[in-house]
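Right, one structure below, let's go through it.
Every number here is computed from the coordinates shown, using simple stated rules; none is lab data. Note that the structure is a prediction, hence the values are computed from the model and not measured. Reconstructed Cβ throughout: ideal geometry from the backbone, glycine too, with neighbour counts over all protein chains shown.
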Amino acid sequence: MKNKFLLIISVLINFLFSACGDDLIERNLEKQKVETLFPSSNYASSSLTISFMWEEVKGATEYSLQVVKPNFTNIQQFVLDTNLTGKKFTHSFQPGSNYQWRIKAKNGSSETEYVVSSFIIDSTSSLSNQVVQLISPVNNFYSNDSSQTFIWSEMALANDYHFEILNSLGSIVYKQPATSNVKANYTFISEGTYKWRVQAQSNNGSISNFAVSNLVLDFSAPDVSEPLSPEFNAAVNSPALLTWSKSTDGYKDSLIIASDSSFNMIVEKVLITNNSYSFKGISGSNYFWMLKTIDKAGNFSESYSHVNKFMIN
């Protein structure tokens with residue numbers, strides 16, 4: 001009996017490790033290497049803004065990015081030292097300098113070696129053909145909040161910034177006086193599609209190109225999606241495939257399944273972006289389900305869909 005119990009435990013452990021090995025055991029990164037994409041070694045840039053890019057390292061949870069002037073063997077200035085979770089980072093640098101950057105991948109138990117590369121920012125005293133890096137809101141952001149905070153990166157050589165908001169017709173609805181701040185606030189009075197843009201200006205009068213980003217404000221509740229199948233009171237096999245007609249302005253649907261018509265005994269509640277769901281129910285049981293719809297801006301439908309009912313054979 002004891003041997004049989006040990007065998008069962010051994011089989012269960014092997015199954016768990018084979019099915020979920022990457023989830024249970026953190027990958028060792030020591031023999032891996034970050035593949036950098038940009039900037040390449042000794043890259044010379046006429047732009048003050050550099051977008052660092054690299055390939056994802058499997059098993060990494062974050063990346064350590066450092067930039068110094070002029071190099072790591074003779075550090076005169078530590079320009080940048082940050083930990084990131086993505087595969088891209090953008091920063092603005094002073095012109096006329098040599099820089100060196102390095103990056104490594106990390107997780108909770110191991111890390112790669114640093115990969116080192118150099119780049120040059122060409123000497124220039126003009127902001128012409130430069131572009132401010134916009135941070136937040138991200139491009140094509142949807143929101144139901146009328147009060148918005150706009151943030152952009154500080155640009156080398158810039159003395160002040162010009163911030164503007166335009167409506168869908170291209171007309172300026174707000175223009176902030178020149179400011180040295182890298183943040184602006186504005187409260188919208190109506191929903192719609194807007195553009196916000198920022199331009200930098202230096203002491204010598206040179207100006208950058210406008211950096212432009214889109215913002216969609218939506219204060220209206222979406223129509224609710226409606227159940228399609230199974231038909232009302234239909235008996236179906238498990239798993240039951242639930243489908244519904246998706247609302248034209250819906251982005252996600254909150255699907256609620258209960259074992260009673262009053263929805264006091266909820267069995268499952270999931271958020272779904274498509275228009276179907278596979279449900280494993282108990283044989284001989286009745287189930288009731290309905291939907292509430294959410295749009296891209298985060299608005300909820302004003303009501304739930306009609307309630308549908310089915311039984312599992």
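Once both axes come from the Cα atoms, what is the angle between helix 2-24 and the longest principal axis of the chain, in degrees from 0 to 90, rounded to 10? So the inclination is approximately 40 degrees.
Relative to the Cα centre, the charge distribution of the chain, modelled as +1 at Lys and Arg Cβ and -1 at Asp and Glu Cβ, gives a dipole magnitude of about 640 debye.
Checking the table K87/K269; K106/K296; K246/K296 against a 24 Å threshold on Cα-Cα, which pairs fail?
K87/K269; K106/K296
Where [x] 39, 21, 18; [y] 32, 22, 19; [z] 50, 35, 12 are the candidate values, the label of the one calculated here for semi-axes √(5λ) of the Cα gyration tensor in Å is [z].
Fewest neighbouring Cβ atoms within 10 Å first, the residues T49, T90 line up as T90, T49. Annotation: the antiparallel percentage among DSSP beta bridges lying fully within the stretch 226-312 is about 90.
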